[in-house]
Amino acid sequence: MSTSAITEREIRSQPEVWARAVATAPTQGHVLGRPGERVLLLGCGTSAFVAESAASLRERAGHGEADAAYASEWRPGRQYDRVVVISRSGTTSEVLEALAAVPAGTTKAAVVGVAGSPVAQAADETVVLDFADEESVVQTRFPTSVLALARAALGEDLGPVVEQAADVLAAPLPVDPARFEHFVFLGRSWGYGLAQEAALKVREAAQAWSESYPALDYRHGPVAVAGPTSLVTLFGDADDALAADVRRTGATVLHETLDPLVQLVQAQRLAVELATSRGLDADAPRHLTRSVVLG
């Protein structure tokens, strides 16, 4: 199989996989939180960013209070009705430790990619998205499928989003990533979690300099290093004043009028194409493994 072929195949499978995730929402969406519950979402790495976005989406939809945290940093304190952990492999050490620390009387829930995994067994309620599981180390379709499920469970119609993703995947990227050395992703609300995940993909797959910030905070210092070799991507609604300020640095601003989840797909594609241009294999990222299991 050619360089990065596995990751590329999994990226391209997302419209079909999202449709399957959406179809599970009527029977399994409640695992992410019932209306009115106070919910905490936990994860590590990519799953922590997904947790941030899902928590923001839940509150915005009026389904109840929701917090998000890194599983490795969370300690019991605030009271929750439900703690939801997200783990593709279902083996992540810090996630298992967090589940063990959930106070008695609090529902322990999990979204995993592998049935029967330790995380799934430790939870009271579980959603298994095994059809979204991946061979690749770099996560792409599993995290986006979790968010597709979350959005559908909150009442959104994801049909147009699935169609938009299919259209985008059939078209070339809007920029050549090899032209740039510095990649910045900016987002607001639930889009900030996506921006963080996009920057992580570029670091993981292409070993490139990437950053992410809440969109309006970018001008509070980080913009100082922007320049002609910088590509700054805006997730969600465009802020014309921010875009103008960034362009004055000589940086290129990229904003597509796409659903933010589809924008993340574009960022995944950009990361793989950048890796290829640098002679790297996104299927074999440096120093990374599919799951972090501590000894």
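The values are calculated or read from the model by the stated rules, or taken from the named source; none is laboratory data. Model, not experiment: these values are computed from the prediction. Cβ sites come from the backbone with ideal geometry, for glycine too, and all protein chains shown count toward neighbours. Surface accessibility is based on the protein's heavy atoms, side chains included, excluding ligands, DNA and RNA. Shrake-Rupley method; radii C 1.70, N 1.55, O 1.52, S 1.80 Å.
Just a few scattered comments:
- Candidates in region 234-286 are the residues that are open to solvent by less than 30 Å² (accessible area, probe 1.4 Å) and in a loop (DSSP other than H, G, I, E, B); of these, the one that is farthest from Val22 (Cα to Cα) is Ala251.
- Criterion (closer than 26 Å to Gly221 by Cα and modelled with pLDDT of 95 or more) met by exactly one of Leu173, Leu158, Leu186, Leu169: Leu186
- Condition check for Asp176: farther than 23 Å from Glu8 by Cα, among the charged types (D, E, K, R), surrounded by fewer than 24 Cβ atoms within 10 Å (Cβ to Cβ) and more than 15 Å from the chain's Cα centre (by Cα): no
- Members of region 123-133 found to be farther than 14 Å from Glu16 by Cα, touching a Gly at 6+ places or on another chain (Cβ under 9 Å) and surrounded by fewer than 21 Cβ atoms within 10 Å (Cβ to Cβ), listed by number: Val128
- Total residues in region 200-220, condition within 19 Å of Gly45 (Cβ to Cβ) and either assigned to a loop (DSSP other than H, G, I, E, B) or touching a residue at least 12 places away in the same chain (Cβ under 8 Å) (or both): 13
- Ser72 satisfies every condition listed in (1) closer than 27 Å to Glu156 by Cβ; (2) open to solvent by 10 Å² or more (accessible area, probe 1.4 Å) except (1).
- Val223 being touching a Phe, Trp or Tyr at 6+ places or on another chain (Cβ under 7 Å), surrounded by fewer than 24 Cβ atoms within 10 Å (Cβ to Cβ) and part of a helix (DSSP H, G or I): no
- Glu211 vs. criteria over 21 Å from Gln14 (Cα atoms), buried (at least 19 other Cβ atoms within 10 Å of the Cβ) and among the acidic types (Asp, Glu): yes
- Test: residue in region 27-38 that is open to solvent by less than 20 Å² (accessible area, probe 1.4 Å), touching a Gly at 6+ places or on another chain (Cβ under 9 Å) and not small (Gly, Ala, Ser): no
- Selection count, region 267-295, where residues are within 18 Å of the chain's Cα centre (by Cα) and at pLDDT 95 or above: 6
- Tallying residues that are among the small types (Gly, Ala, Ser) and in contact (Cβ under 8 Å) with a residue 40 or more places away in the chain within region 37-67 yields 8.
- Cβ-Cβ under 6 Å pairs, at least 6 apart or on other chains, region 167-195 side under 17 Å from Glu211 (Cα atoms), far side of a type in the set (Asp, Glu) and buried (at least 18 other Cβ atoms within 10 Å of the Cβ): Pro177/Glu273; Val184/Glu211; Gly193/Glu52
- Here the condition is being modelled with pLDDT of 95 or more and more than 20 Å from the chain's Cα centre (by Cα); of Leu264, Leu254, Leu242, Leu234, it holds for Leu242 alone.
- Which listed residue is among the β-branched types (Val, Ile, Thr), closer than 13 Å to Asp133 by Cβ and either open to solvent by 60 Å² or more (accessible area, probe 1.4 Å) or in contact (Cβ under 8 Å) with a residue 24 or more places away in the chain (or both), from Thr107, Thr91: Thr91
- Checking region 166-187 against the condition returns a match, with at least one residue being closer than 21 Å to Leu42 by Cβ and not charged (D, E, K, R).
- With respect to the conditions (1) closer than 15 Å to Leu32 by Cα; (2) in contact with a Leu (Cβ under 7 Å, 6 or more places away or on another chain), Ala71 lacks only one, and its number is (1).
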